[in-house]
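Below: one structure, written as structure tokens.
What follows draws every value from the coordinates through simple rules; no lab data is involved. Predicted model only: the values in this text are computed from it and were never measured. Cβ sites come from the backbone with ideal geometry, for glycine too, and all protein chains shown count toward neighbours.
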Amino acid sequence: MTEPGHTTVAPAPGTESPAPVHRARALPKVRVEAFSDGVFAIAITLLVLEIAVPVGQEHDLIGALVALWPAYLAYAISFLTIGWVWVGHTAIIAHVVGIDRILVRLNLALLMAVAFLPFPTKLMGEYLGKSEPERVAVIFYGLVLLVIELLLAWMWRYVLQAHEIRHPDVSDDELAGVQSRMLPGIALFVVALGVSFVVPTVGVLFYLAISVFLLIPVRSIRGAVPGRGGGSTPA
């Protein structure tokens, strides 16, 4: 009897039976897509739950709402961030016919970073405009954004190299072109972190601009990806 995930090669007459040969099996895309979309949905919902008017502000509710502008700004940046990550993630799934063990772990790492995003979002919303804590909160937030961008780029790079799970209609040039379009995002986040160290508020505006920028090329990339069996790209 052979173990699941193994296959036995028939022995030649007069020879000993060879050891089982392990073959990696791709996981079904639908399971990974469903789980990933659930994490994205929960993370993006948690963002708005972190926005709240302090208790005892009934006498000046308008002023209290206006004072929450850092929370609104942090929410907008994080919402856009999860948006471009989800679009890029969807395009990655559309390029493969299955998910192998390495890709599923890279996917989990990306989802862990995305699920963590509401925490630095809350920090930045609370401390933006408060001198020294502002700098720490903004830089910490930027580091999380950079990690998310690096993990997404790593997933693209792996799909570029993993021919056994890649869709047969996808060429190396196509994937290389996709990956090259992500490199400016990494460089921009590094620059934004440097700016945040000097002028945190300007760094936050950089984060916002980068998130808007990343939505544009990723959407054009996704539009060039044909619908493939087992995966789809949203409109």
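Quick notes on this structure:
- For region 26-223, Kirkwood radius (reciprocal of mean inverse C-alpha pair distance, Å): 17.7
- Full-extension gain in nm, residue 112 to residue 61, via 0.36 nm per residue minus C-alpha separation: 14.8 nm
- Karplus (6.51, -1.76, 1.60) ³J(HN,Hα), θ = phi - 60°, over region 148-154, in Hz, Gly and Pro reported as x: 4, 5, 5, 5, 5, 5, 5
- Percentage relative contact order, region 26-223, counting C-alpha pairs under 8 Å, at least six apart: 27
- For residue 27, distant residues with modelled amide H under 5 Å away: 99, 100
- Using the Karplus relation 6.51 cos²θ - 1.76 cosθ + 1.60 with θ = phi - 60°, the per-residue 3J(HN,Hα) values for region 94-103 come to 5, 8, 10, 9, x, 10, 8, 5, 6, 5 Hz, with x marking Gly and Pro.
- Segments 83-91, 106-114, 128-136 sorted - mean Cβ within 10 Å per residue, highest first: 83-91, 106-114, 128-136
- Rounded to whole Hz, the Karplus (6.51, -1.76, 1.60) HN-Hα couplings of region 131-142, x for glycine and proline: 6, 4, x, 4, 4, 5, 5, 5, 5, 4, 4, x
- Within-10-Å neighbourhood charge of residue 75 [Cβ basis; K, R +1; D, E -1]: 0
- Taking amide H as placed 1.01 Å from N in the peptide plane, residue 96 has its amide H under 5 Å from the amide H of 167, each at least 5 places away in sequence or on another chain.
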